[in-house]
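The values are calculated or read from the model by the stated rules, or taken from the named source; none is laboratory data. Predicted, not measured: the structure shown is a model, and the values here were computed from it. Neighbour counts are summed over all protein chains in view; Cβ atoms, including those assigned to glycine, are modelled from backbone coordinates with ideal geometry.
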Amino acid sequence: MRARSGGLRSWLAFGTGVGIEIQDHDLRVVLARVRPSGIDVLAAASIERFRERPAAEWGQEYNLLIRRHGAGHLSATVALPRRDVIVRTVLLPGVAENDLEAALALQIDGLHPYPEGEAAWSWAKLHAPGAVLVGLARQPVIDHYAEKFAEAGIKIASFTFSAALCYSAVRLMGQPPAEGFLGITETPGGVEVYGESPARPCYSASYLEPWERAAVLSLAELRLSSASRPRELVELFPPPRRVPATQGEPLRTHMLAYLAALAAACPHLALRLNLLPPALRVQSSRWIYVPTLVLGALFILGLVAVGVYSRYENLKYLRALEAEIASLEPLVKKLAELDSRTDQARRRIELLDRFQARTKTDLDALREATKILAPPAWLNTLELSRTAMVVAGEADQATGLLKALDGSPLFQGSEFLVPLMRVGNTEVFRIRSAREGAEP
């Protein structure tokens with residue numbers, strides 16, 4: 001498989017990690033150091049018959065191995081046996097990233113055959129849109145392995161599985177081909193396959209059939225052409241550039257432990273699929289992040305330098321603008337003075353227009369009052385101001401005058417200023433009405 005360059009991602013491949021693979025009878029252990037220039041296997045070993053021996057005994061064997069190489073502070077990533085983990089690829093198109101976990105929680109009971117409450121599960125988003133990789137195991141199994149490693153005095157940061165490790169490893173130093181691929185390896189328990197394709201973003205399975213039959217079935221699952229040539233699974237992953245002289249080929253003999261060591265060395269580049277309960281996870285020493293912190297500090301210093309230069313350019317530009325503004329300031333003052341004079345003239349014109357309009361409105365009010373107070377009513381007083389009209393006089397029936405005035409569009413709020421007085425056959429009145437719409 002020809003992997004594409006990983007670009008910036010490969011430059012972030014920096015760290016040291018310990019990987020452990022749990023087999024039927026033995027433990028496989030690999031200590032690896034990852035750098036952008038390549039991968040060095042510092043140690044690879046097998047701890048035999050760990051299930052039959054006291055935990056303290058094989059735990060001491062493990063700790064002596066990693067301390068001999070100055071890695072006693074590191075916590076290990078453990079690859080669980082394939083038979084103990086159920087792997088599912090779930091497609092959730094259209095679901096927002098913040099809602100993925102809630103959507104999975106609604107479906108999780110349909111993804112495993114375990115009794116209710118016994119399923120431990122973890123998930124991670126794949127690169128394909130809407131695709132999620134889910135790993136499930138029985139909680140008693142997880143608790144059993146966690147207890148064994150705790151008794152052995154081995155610090156564990158993660159319990160993961162082969163599909164997650166394979167998916168992360170093929171992207172550690174590059175990118176897999178977009179058209180898809182298939183890798184197959186023979187194990188004591190049968191044939192294990194891992195592949196990716198546009199139809200299946202992550203496919204992991206174990207077969208009891210022969211190699212050829214497993215290849216045909218897997219290509220069909222991936223919807224790859226039958227002409228596609230399956231590869232040895234180890235060919236998919238970045239090989240180590242250096243190994244101890246006595247170790248042979250750890251990528252073949254300790255494959256899952258090697259992949260787990262890569263995930264432990266670069267957890268920021270691996271799928272965060274961890275079946276170990278958070279309360280039992282032991283993080284590695286902070287010193288392993290010193291190189292990352294140094295690189296981060298250098299990156300921040302670069303950003304600061306860019307920011308300072310940008311600020312200098314902005315200051316230079318601001319000074320040029322201020323000089324230009326100073327040269328234009330006299331002209332601006334003249335324009336402001338002209339605007340002020342124009343505004344004053346406009347206000348005076350508006351004032352004259354209002355005075356001219358007042359005569360018309362006053363005449364309209366006088367004509368409307370004459371129409372309403374028609375004979376036989378007559379007036380002896382009429383006072384007209386900008387906001388009100390006061391009339392006084394005599395009428396046969398003065399009580400209806402209030403309604404008549406308020407019914408006019410020019411008057412409102414009419415009221416008697418003094419009580420009505422009857423003199424002979426007429427009523428003496430004095431009425432005040434507000435002028436509606438008149439300017440003060």
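If you scan the stretch 170-215, which residues turn out to be among the aromatic types (Phe, Trp, Tyr) and under 14 Å from residue 234 (Cβ atoms)?
Selection gives 181, 194.
Regarding residue 83, is this residue at pLDDT below 95, closer than 18 Å to residue 204 by Cβ and either touching a helix residue (DSSP H, G or I) at 6+ places or on another chain (Cβ under 6 Å) or β-branched (Val, Ile, Thr) (or both)? Working first, answer last.
On the way: at pLDDT below 95: yes; closer than 18 Å to residue 204 by Cβ: yes; either touching a helix residue (DSSP H, G or I) at 6+ places or on another chain (Cβ under 6 Å) or β-branched (Val, Ile, Thr) (or both): no.
It is false that residue 83 is at pLDDT below 95, closer than 18 Å to residue 204 by Cβ and either touching a helix residue (DSSP H, G or I) at 6+ places or on another chain (Cβ under 6 Å) or β-branched (Val, Ile, Thr) (or both).
Does the stretch 91-99 contain at least one residue that is in a strand (DSSP E or B) and either within 27 Å of residue 192 (Cβ to Cβ) or among the aromatic types (Phe, Trp, Tyr) (or both)? Within the stretch 91-99 (the criterion being in a strand (DSSP E or B) and either within 27 Å of residue 192 (Cβ to Cβ) or among the aromatic types (Phe, Trp, Tyr) (or both)), the answer is yes, since at least one residue qualifies.
Of everything in the stretch 102-117, what is within 14 Å of residue 135 (Cβ to Cβ) and either in a helix (DSSP H, G or I) or among the polar types (S, T, N, Q) (or both)? Give them in sequence order.
Taking the stretch 102-117 as the starting set, the residues that turn out to be within 14 Å of residue 135 (Cβ to Cβ) are 104, 108, 111-112, 114.
Of everything in the stretch 102-117, those that are within 14 Å of residue 135 (Cβ to Cβ) and either in a helix (DSSP H, G or I) or among the polar types (S, T, N, Q) (or both) turn out to be 104, 108, 111.
Taking residues in the stretch 114-132 that are under 19 Å from residue 159 (Cβ atoms) and in the same structural domain as residue 276 (by TED's automatic domain parsing), and partners anywhere that are outside any loop (DSSP other than H, G, I, E, B) and of a type in the set (Gly, Ala, Ser), the pairs with Cβ atoms closer than 6 Å and at least 6 places apart or on different chains are 120/137; 122/135. I'd like to know if the stretch 341-357 contains one or more residues that are of a type outside the set (Lys, Arg), surrounded by 11 or more Cβ atoms within 10 Å (Cβ to Cβ), modelled with pLDDT under 85 and under 24 Å from residue 434 (Cα atoms). Looking for residues that are of a type outside the set (Lys, Arg), surrounded by 11 or more Cβ atoms within 10 Å (Cβ to Cβ), modelled with pLDDT under 85 and under 24 Å from residue 434 (Cα atoms), one finds at least one in the stretch 341-357, hence yes. Looking only at residues in the stretch 141-190 that are part of a strand (DSSP E or B) and among the small types (Gly, Ala, Ser), which one is surrounded by the fewest Cβ atoms within 10 Å (Cβ to Cβ)? Residue satisfying both the conditions and the ranking: 190.
Return a yes/no flag: does the stretch 86-97 have any residue that is in contact with a His (Cβ under 9 Å, 6 or more places away or on another chain), closer than 15 Å to residue 164 by Cβ and either in the same structural domain as residue 140 (by TED's automatic domain parsing) or hydrophobic (A, V, I, L, M, F, W, C) (or both). So that I can check it myself, show each step before the final result.
Keep residues of the stretch 86-97 that are in contact with a His (Cβ under 9 Å, 6 or more places away or on another chain), which gives 86, 88.
Among the residues that remain, those that are also closer than 15 Å to residue 164 by Cβ are: 86, 88.
So of that shortlist, the ones also either in the same structural domain as residue 140 (by TED's automatic domain parsing) or hydrophobic (A, V, I, L, M, F, W, C) (or both) come out as 86, 88.
There is at least one residue in the stretch 86-97 that is in contact with a His (Cβ under 9 Å, 6 or more places away or on another chain), closer than 15 Å to residue 164 by Cβ and either in the same structural domain as residue 140 (by TED's automatic domain parsing) or hydrophobic (A, V, I, L, M, F, W, C) (or both).
Count, please, the residues in the stretch 118-127 that happen to be within 16 Å of the chain's Cα centre (by Cα) and assigned to a strand (DSSP E or B). Number satisfying all stated conditions: 2. Would you mind finding the one in 249, 212, 221 that is touching a strand residue (DSSP E or B) at 6+ places or on another chain (Cβ under 7 Å), assigned by TED's automatic domain parsing to the domain that holds residue 18 and either of a type in the set (Asp, Glu) or farther than 23 Å from residue 11 by Cβ (or both)? So the residue among 249, 212, 221 that is touching a strand residue (DSSP E or B) at 6+ places or on another chain (Cβ under 7 Å), assigned by TED's automatic domain parsing to the domain that holds residue 18 and either of a type in the set (Asp, Glu) or farther than 23 Å from residue 11 by Cβ (or both) is 221.
Listed by first and then second residue, the pairs linking a residue in the stretch 199-225 that is modelled with pLDDT of 90 or more to a residue that is of a type in the set (Phe, Trp, Tyr), with Cβ atoms under 6 Å apart and 6 or more places separating them unless they lie on different chains, are 202/167; 204/194; 214/207; 221/203; 222/203. Scanning the stretch 226-237 for residues that are part of a loop (DSSP other than H, G, I, E, B) and either at pLDDT below 90 or touching an Asp or Glu at 6+ places or on another chain (Cβ under 6 Å) (or both), we see that the one that is surrounded by the fewest Cβ atoms within 10 Å (Cβ to Cβ) is 227. Collect the residues in the stretch 242-280 that are of a type outside the set (A, V, I, L, M) and under 26 Å from the mean Cα position of the chain (by Cα), keeping them in residue-number order. Listed by number, the residues that qualify are 266, 267, 268, 272, 274, 277, 278. Here residue 51 fits the description: loosely packed, with under 15 Cβ neighbours inside 10 Å, touching a His at 6+ places or on another chain (Cβ under 8 Å) and assigned by TED's automatic domain parsing to the domain that holds residue 167.
Screening residue 204 against (1) touching a helix residue (DSSP H, G or I) at 6+ places or on another chain (Cβ under 7 Å); (2) loosely packed, with under 12 Cβ neighbours inside 10 Å leaves a single unmet condition, (2). Is there a residue being crowded, with 20+ Cβ neighbours inside 10 Å, at pLDDT below 90 and in contact with a Leu (Cβ under 6 Å, 6 or more places away or on another chain) anywhere in the stretch 272-284? Yes; the residues of the stretch 272-284 include at least one that is crowded, with 20+ Cβ neighbours inside 10 Å, at pLDDT below 90 and in contact with a Leu (Cβ under 6 Å, 6 or more places away or on another chain).
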